[in-house]
Amino acid sequence: MAMGANMNRNYARELERIMQDPENKGKHLFLHSCCAPCSSYVLEYLRSFFRITVFYYNPNITEEEEYWRRAAEQKRLIEAFNRQAAEVEAGQIEKAVYPIETVEGTYSRELFFEQIKGLEHCKEGGERCFVCYKLRLEETARQAKEAQADYFTTTLTISPLKNAAKINEIGENLSAIYGVAFLPSDFKKKDGYRRSVELSKEYDLYRQDYCGCVFSKAERERRNSSS
């Protein structure tokens, strides 16, 4: 599908329609997550409808310390959300939510650099980022197929800096290859991004100010030095 057609689609509304169908309730969603802050609103929004497995897979994060810090925060947030699910079962709170499972992918910075070779000088948000989206989404689709999940998707569309149309295009192409339905999304809509900021404060999450790779970090430093 051409990018022009994708730009005119309302992915948030498409997701709403899927969630309005009671036959989809309780289906298994394999959710790629880039970090705890980005996943916070997505999990809050979806966990009462889908059975979610969070797949933390981010070989793009260049520095090991940064990678493990983000991984730890992801686990901490899921543990907090699952305590709430337990409170539902105990009748302490009313809203029914499904417990969240988690899987961590293989951390390989070498794979990321291999995939983006020749694109090192692309501008942030361009072709290099599209390759990175595909790298993470393809492994998500593969894992989702192995898990016999009903859907897969990613938290990446919550960022105002990410190309939601391109992410959905890549996801739909991979869906055709792996035979797992891609859940359309534009999670920043409906105040999703704002809510993720609120939840980050509520849970005292480490909220990074760059995507994770050495290139996005350099771009952040350029912005900071010019401000």
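The values are calculated or read from the model by the stated rules, or taken from the named source; none is laboratory data. Since the model is a prediction, treat every value here as computed from it, not as a measurement. FYI the Cβ positions are ideal-geometry reconstructions off the backbone, even for glycines, and counts take in every protein chain you see.
Just a few scattered comments:
- Only one of Arg70, Arg83, Arg128 that is surrounded by fewer than 18 Cβ atoms within 10 Å (Cβ to Cβ) and of a type in the set (Lys, Arg): Arg83
- Filtered by the rule that a residue be among the charged types (D, E, K, R), farther than 14 Å from Ser33 by Cα and either in a helix (DSSP H, G or I) or out of contact with any Phe, Trp or Tyr (no Cβ under 7 Å at 6 or more places or on another chain) (or both), region 121-161 gives Lys123, Glu127, Arg128, Arg142, Lys145, Glu146, Asp150.
- Against the conditions (1) touching a Ser or Thr at 6+ places or on another chain (Cβ under 6 Å); (2) over 20 Å from Asn10 (Cβ atoms); (3) of a type outside the set (A, V, I, L, M, F, W, C), Thr153 satisfies every one except (2).
- Hey, Gln84 within 18 Å of Val42 (Cα to Cα) and touching a Lys or Arg at 6+ places or on another chain (Cβ under 9 Å) or not: yes
- Cβ-Cβ distances below 6 Å connect no pair with a first residue in region 22-42 that is hydrophobic (A, V, I, L, M, F, W, C) and at pLDDT below 95, a second residue that is outside any strand (DSSP E or B) and surrounded by fewer than 24 Cβ atoms within 10 Å (Cβ to Cβ), and a separation of six or more residues or different chains.
- Filter result for the condition that a residue is buried (at least 16 other Cβ atoms within 10 Å of the Cβ) and closer than 26 Å to Cys211 by Cα, over Phe55, Phe49: Phe55
- Listed conditions (1) of a type outside the set (Ser, Thr, Tyr); (2) outside any loop (DSSP other than H, G, I, E, B); (3) in contact (Cβ under 8 Å) with a residue 12 or more places away in the chain are all met by Glu198, apart from (3).
- Residue count for region 174-205, restricted to those that are closer than 14 Å to His32 by Cβ, touching a strand residue (DSSP E or B) at 6+ places or on another chain (Cβ under 8 Å) and hydrophobic (A, V, I, L, M, F, W, C): 4
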